[in-house]
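J.: For reference, the structure I am asking about is given below.
Read the figures in this text as sums done on the coordinates, not as results from a lab. Computed from a predicted structure; not experimentally measured. Neighbour counts are summed over all protein chains in view; Cβ atoms, including those assigned to glycine, are modelled from backbone coordinates with ideal geometry.
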Amino acid sequence: MLLLQELLIATALSLARMFSAYIISLLLAISVGSWMARSRAVESLLLPVLDVLQSIPILGFFPAALLLLARLLPGGLGLELAAVFLIVTSLVWNMIFGVYTSLKALDPSVYDMAEVYRLGPAARFFFIYVPACRESIIANSLVSWAGGWFFLTSAEVLSLGEEEYRLRGIGSLILDSFSREDLAGFYSGVAVLLAAILATYLLLWNPASVTVLRLPLPGVPAVFEVVKSAVGYAWGGLAQVLTSLEVKLGVVFRLPRPIKAALLLLAAAAVAYSARGLSLEPLREAAPVLSSFPLELAKSLPRVGLVLLLSLGLSVVIAYFAHLSRGVSMAVSMAGEVLASIPAVVWWPLLSNLALSHPLGPSIVMLIVYLQGAFWYVYFNLIVYGLASVRKDLDELATVYRVRGLPYLRYVFVPSLLPSLATGLLSAWGGSWNASIVAEYVDMGGRTFDMQGVGSLISKAAAQGNVAALLATSLALSLFIVLVNKTLWVRLFRFIERRYGGE
Amino acid sequence: MPKVLTISNLRKTFIEDKRVLEVLAGISLEVGEEFISILGPSGCGKTTLLRIIAGLEKADSGEVVFHTPDKRVGFVFQSPTLLPWLTVLENVALPLRASGVRRDEAYEKARKYLSLVGLRAFEDFYPRELSGGMKQRVNIARALAVEPTLLLMDEPFSQLDPLTAESLRSEVLDLWLYGVTTVRAVIMVTHNVDEAILMSDRIVVLSPRPAKVNGIIEVNLPRPRDRRSPEFQKLEDRIYELISA
Ligand SMILES: Nc1ncnc2c1ncn2[C@@H]1O[C@H](COP(=O)(O)OP(=O)(O)OP(=O)(O)O)[C@@H](O)[C@H]1O
Ligand SMILES: [Mg+2]
């Protein structure tokens, strides 16, 4: 009984965290994305920054960021905010990009129309910007929601050397039960978590995707309909109030420059204030850790390569069958949504029997966790964007001329998917480095698996509370990733765009 | 005739990566309560002129002065530019709602102008469910619903099939001639000499870029005008001469 009550409370708290993080991400995505699409200056400033933020291993920066936030806002509230903030960082980037690209793709004459008929910022926001990116918001939410759960546990249980923060939630409950060797608690925790994830997809995201994107996904639309009409009602009212307010006051909902500058200054001061406790002394400790960085990177790189190859092959094959059969598509997508959502840290305890039973066990579990952080990006990109771009006319052409099997895959299917495949692989590349941090090293209730590699290096630095080394290695890894993005990926993208993008 | 608008000596030069493109080389025009067409070779700066009058673009020098107390402008875009996520009614009502008109009032007004263009029955349809001609009608209803003094139209019939274009032309002309709208002056950009003679009181012929006013022709033919009449033909010849001059 006590367990059940605890389970329910923990799940409710975790869900509340997820939804707050989601709503914050949504607001951030809409405001930042539309700001980027409207202003050249903001665009050129933020595009590269977001590009970097989206692909660096956020997990490496989690502990330091958490420490900073916890100091800034003492007490439980600070911790709670920190956790929500960390979940936001795993949700928000692709959502911002989605809003930005769909507004960029808007017919420029729509902006002329808005100008001629004097639509103010509020009217544009409610009647143009938000509806224009509805589809991309839903598509990205589908992926982001899984990403959020994947990192939920990392936000609920954080240890940095001696300091350990623990928030009541389903993620921390699962890990606690495992380290207490309370198997009943552990398995029922995992079961409740799965049920919660499944419920959010079946009741909310899947019906939303069916309505907005016409994706074939299983779902129960009743709850979504209620939420939709409630949100629609509130939204319509808000639009009404704000647009008429805008006209009446003649105000522009824009902050004047001095206030903007003051806000920026305030933020900088806050960061400086909270960083004051971090002395530079431990920098010296970073040096030896950093010197082993190249070697460890060389150990992780082939793993990441293997994971990307596996993700590529598996997702193309599965997408092919999903393309052929609606039933397969529904089943795999549903399985994907749940599997992709299972928190990274839960995989090791969940598969601990496998890890312990065979000499190759730990390697296999590591690979599974790695794949979890990478595969789904590729897969969902294919399902959401790729399959929609397998053009109907090409498909009909193939049917008419009986192009089937391998030739169909080679000449019609894969080339049509390439643009979304490339986008998915880029996200998977960033994602697998991030996953390396939880895949290569785990310490659960005294049993430690250390598979070596950069991820392990970062995790160990966190476990020892060596903040300087943690930051230094995370930065070095980020630098490496960005470098590869700017050299290798950019070229690949250009090639695919030229060769296979549109007509 | 009461004056509606004075356009004096508009100049505009576009500069893009060091390429300098002079588009308007001093355009002046008095606009009364009349229907004016602007004719000119492709790329000479007609759209730019219209955009400057509408306030979408700033001129380098010169000015546009309204003589009426109400300076509202309706703009019929070349393509309909309807928002796909709004119904026909919502699309027409949008500019009104954005200017602070209450929702029901905005809808009522939008319905009135939808009836004028014959689309009252389609108010709950979405743009994708309409034909090209119907979309352009919505575009026109939206421009009229803001109850403008000046109506600007940029090649409004060029993207329609000939039959649809012809019937829409006479509908617009009827709306204008019967004075059922608030519009007191119309400026229409077109490529089509025939259409210009058929519809307008005066025709402004622009030179190739940079645009200057090559000539202004009064069309004093009685309405409804007959394309096959000798006077119509003579006017047509004169205008072609002026364009190629
Ligand atoms: N924003 C802009 N920046 C740079 N050049 C522009 C811009 N707008 C128009 N131009 C250039 O100015 C010239 C005139 O353009 P405009 O659209 O006014 O011509 P137009 O007479 O309407 O042509 P058309 O008959 O083809 O519609 C063109 O050469 C065009 O390329
Ligand atoms: Mg033009």
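J.: Across the range B:1-112, what fraction of all alpha-carbon pairs, as a whole percent, falls in each successive 10 Å bin from zero upward?
T.: 12, 33, 30, 21, 4, 0
J.: Sticking with the crude label model, points 7 Å out along Cα→Cβ, report the distance from residue B:229 to residue A:354 in nm, one decimal please.
T.: Computed distance between label sites residue B:229 and residue A:354 equals 8.8 nm.
J.: Apply the Karplus curve 6.51 cos²θ - 1.76 cosθ + 1.60, θ = phi - 60°, to the phi angles in the range A:365-382 and return the couplings in whole Hz, x for Gly and Pro.
T.: Result, ordered by residue: 4, 4, 4, 4, 5, 3, 4, 4, x, 10, 3, 5, 4, 5, 4, 5, 4, 5 Hz.
J.: Among A:192-200, A:142-150, what's the highest-first ranking by average C-beta atoms within 10 angstrom per residue? Before the final figure, lay out each step's value.
T.: On the way: A:192-200: 18.1, A:142-150: 25.2.
Packing order, densest peptide first, comes out as A:142-150, A:192-200.
J.: Quick one: net charge of residue A:87's neighbours, Cβ under 15 Å, K/R +1, D/E -1? Write out the running numbers ahead of the final one.
T.: Values: positive: A:17; negative: A:80, A:156.
Residues near residue A:87 contribute -1 overall.
J.: Picking from A:204, A:85, A:126, whose Cα lies most toward the positive end of the charge dipole for chain A (charges on Cβ: Lys, Arg +1; Asp, Glu -1)?
T.: A:126
J.: Under a 10 Å cutoff between Cα atoms, tell me which one of B:214, B:139, B:91 has the largest fluctuation in the Gaussian network model of chain B.
T.: B:214
J.: With θ taken as phi - 60° and the coefficients 6.51, -1.76 and 1.60, list the Karplus ³J(HN,Hα) couplings across the range B:168-182 in order, rounded to whole Hz; mark glycine and proline as x.
T.: With the stated coefficients, the range B:168-182 comes to 5, 4, 5, 5, 4, 4, 4, 4, 5, 5, 7, x, 7, 10, 7 Hz.
J.: Before rounding to the nearest 500, sum -39500 (n - 2.57) across all DSSP H runs of length at least 4 in chain A and divide by the residue total; then give [θ] at 222 nm in deg cm²/dmol.
T.: Details: 24 runs with 386 residues, N = 503.
Value at 222 nm, helices only: -25500 deg cm²/dmol.
J.: Continuing with the same structure: Have a look at A:110, A:357, A:307 and report the one farthest towards the positive end of the charge dipole of chain A, computed about the Cα centre with Cβ charges (Lys/Arg +1, Asp/Glu -1).
T.: Highest projection toward the positive end goes to A:110.
J.: Moving on to the next point. Check which residues have an amide H placed less than 5 Å from residue B:211's amide H, if you skip close sequence neighbours.
T.: B:24, B:25
J.: Over the range A:324-420, what number does the Rg to Rh ratio reach, with both radii from the alpha-carbon atoms and Rh per Kirkwood?
T.: Values: Rg = 18.0 Å, Rh = 15.9 Å.
Result for the range A:324-420 is an Rg/Rh of 1.13.
J.: Rounded to the nearest 0.05, what FRET efficiency do residue A:309 and residue B:58 have when you use their Cβ-Cβ distance and R0 = 56 Å?
T.: Details: r = 55 Å, r/R0 = 0.98.
The pair residue A:309/residue B:58 has a calculated efficiency of 0.55.
J.: Taking only the C-alpha atoms, wrap a convex hull around the range A:1-222 and report its volume per residue in Å³ as a whole number. Please list the in-between numbers first.
T.: Values: hull volume 34.2 nm³, N = 222.
Convex hull volume per residue, Cα atoms: 154 Å³.
J.: Quick check for me: using +1 on Lys/Arg Cβ and -1 on Asp/Glu Cβ, what's the dipole size of the range A:286-503 about its Cα centre, in debye to the nearest 20?
T.: Working: 15 positive and 10 negative charges, 105 e Å.
Its charge dipole is roughly 500 debye.
J.: Let me ask something else. Say the dipole of the protein assembly as shown comes from +1 at the beta carbon of Lys and Arg and -1 at that of Asp and Glu; which of A:500, A:169, B:205 then lies farthest toward its positive end?
T.: Looking along the dipole axis, the top candidate is B:205.
J.: Taking amide hydrogens as modeled 1.01 Å from N in the peptide plane, which residues meet the under 5 Å criterion relative to residue B:82, leaving out close sequence neighbours?
T.: Residues meeting the amide H criterion: none.
J.: Give the cross-link partners of residue B:112 among the lysines, using a straight C-alpha distance below 23 Å as the criterion and excluding same-chain residues fewer than 8 apart.
T.: B:71, B:135
J.: Please express the Cα-Cα pair-distance distribution P(r) of the range A:156-230 as a list of whole percents, one per 5 Å bin, running from 0 to the bin with the greatest distance.
T.: 3, 15, 16, 14, 11, 11, 12, 9, 6, 2, 0
J.: Another question, then. Considering the Cα positions of the range A:286-503, please state its Rg to one decimal place and its Dmax as a whole number of Å.
T.: Both quantities, over Cα of the range A:286-503: 19.7, 65 Å.
J.: I've got another one for you. With Rg and the Kirkwood Rh both taken from Cα atoms, where does Rg over Rh land for chain A? Provide the component values of the computation, followed by the final result.
T.: Working: Rg = 23.5 Å, Rh = 24.4 Å.
Using only Cα positions, Rg/Rh for chain A is 0.97.
J.: How big is chain B along each principal axis, measuring the range of its Cα positions in Å and listing the largest first?
T.: Between the extreme Cα coordinates on each principal axis of chain B lie 51, 48, 36 Å.
J.: Here is a follow-up. Distances longer than 19 Å among the Cα atoms of the range A:1-106: what percent of all pairs is that? Present the calculation step by step, with values, prior to reporting the outcome.
T.: Working: 3070 of 5565 pairs.
Roughly 55 percent, once rounded to a whole number.
J.: Residues of B:87-99, mean number of Cβ from any other protein chain within 10 Å of their own Cβ, rounded to a whole number? Walk me through the intermediate numbers first.
T.: Numbers: counts 0, 0, 0, 1, 2, 0, 0, 7, 7, 1, 9, 14, 8.
For this peptide, the per-residue mean of nearby foreign Cβ atoms is 4.
J.: Kindly rank B:92-105, A:102-115 from highest to lowest mean number of other beta carbons found within 10 Å of each residue.
T.: Numbers: B:92-105: 19.9, A:102-115: 16.6.
Descending mean neighbour count gives B:92-105, A:102-115.
J.: Still on this structure, please answer the following. Can you compute 3J(HN,Hα) from phi for each residue in the range A:131-138, using the Karplus curve 6.51 cos²θ - 1.76 cosθ + 1.60 with θ = phi - 60°, rounded to whole Hz and x for Gly and Pro?
T.: Each residue of the range A:131-138 in turn: x, 5, 10, 3, 5, 5, 5, 5 Hz.
J.: Please give the average number of partner chain Cβ atoms lying within 10 Å of the Cβ of each residue in A:122-131, rounded to a whole number.
T.: Mean partner shielding for this stretch: 3.
J.: Per 0.36 nm of contour for each residue apart, how much would the distance between residue B:105 and residue B:13 grow if the chain were fully extended, relative to their Cα-Cα spacing?
T.: Values: separation 92, 0.36 × 92 = 33.12 nm, distance 4.23 nm.
Result for the pair: 28.9 nm of gain on full extension.
J.: For B:18, A:299, which order do you get if you count the other beta carbons within 10 Å of each Cβ and list the fewest first? Intermediate values should be presented prior to the final figure.
T.: Working: B:18 5, A:299 17.
So the ranking, lowest neighbour count to highest, is B:18, A:299.
J.: Taking the Cα atoms only, what angle lies between the long axis of helix B:230-244 and the longest principal axis of chain B, rounded to 10 degrees?
T.: With both axes taken from Cα atoms, the answer is about 70 degrees.
J.: Next question, about the same structure. Could you list, in their original order, any pairs among B:18/B:46; B:12/B:46; B:46/B:212; A:104/A:260 whose Cα atoms are separated by more than 19 Å? Write out the running numbers ahead of the final one.
T.: On the way: B:18/B:46 23 Å; B:12/B:46 12 Å; B:46/B:212 10 Å; A:104/A:260 25 Å.
Over 19 Å apart, Cα to Cα: B:18/B:46; A:104/A:260.
J.: Can I ask one more? What per residue convex hull volume, in Å³, comes out for the range A:398-445 when only alpha-carbon positions are used? Write out the running numbers ahead of the final one.
T.: On the way: hull volume 5.2 nm³, N = 48.
So the per-residue Cα hull volume is 108 Å³.
J.: Which value does Rg/Rh take for the range B:79-208 over its C-alpha atoms, Rh per Kirkwood? Walk me through the numbers on the way to the answer.
T.: Details: Rg = 14.8 Å, Rh = 15.2 Å.
Radius of gyration over Kirkwood radius for the range B:79-208 works out to 0.97.
J.: Would you grab the residues whose amide H sits under 5 Å from the one on residue B:75? Only those 5+ places off in sequence or on another chain, please, with H modelled 1.01 Å from N.
T.: Correct list: B:152.
J.: Would you mind ranking B:128, A:17, B:72 by Cβ crowding within 10 Å, fewest neighbours first? Write down the numbers at each step before the final one.
T.: On the way: B:128 8, A:17 23, B:72 18.
In increasing order of surrounding Cβ atoms, one gets B:128, B:72, A:17.
J.: Equivalent ellipsoid semi-axes for the range A:355-479, as square roots of 5 times the alpha carbon gyration tensor eigenvalues: give them largest first, rounded to whole Å. Before the final figure, lay out the partial values.
T.: Numbers: eigenvalues 339, 62, 16 Å².
Equivalent-ellipsoid dimensions as semi-axes: 41, 18, 9 Å.
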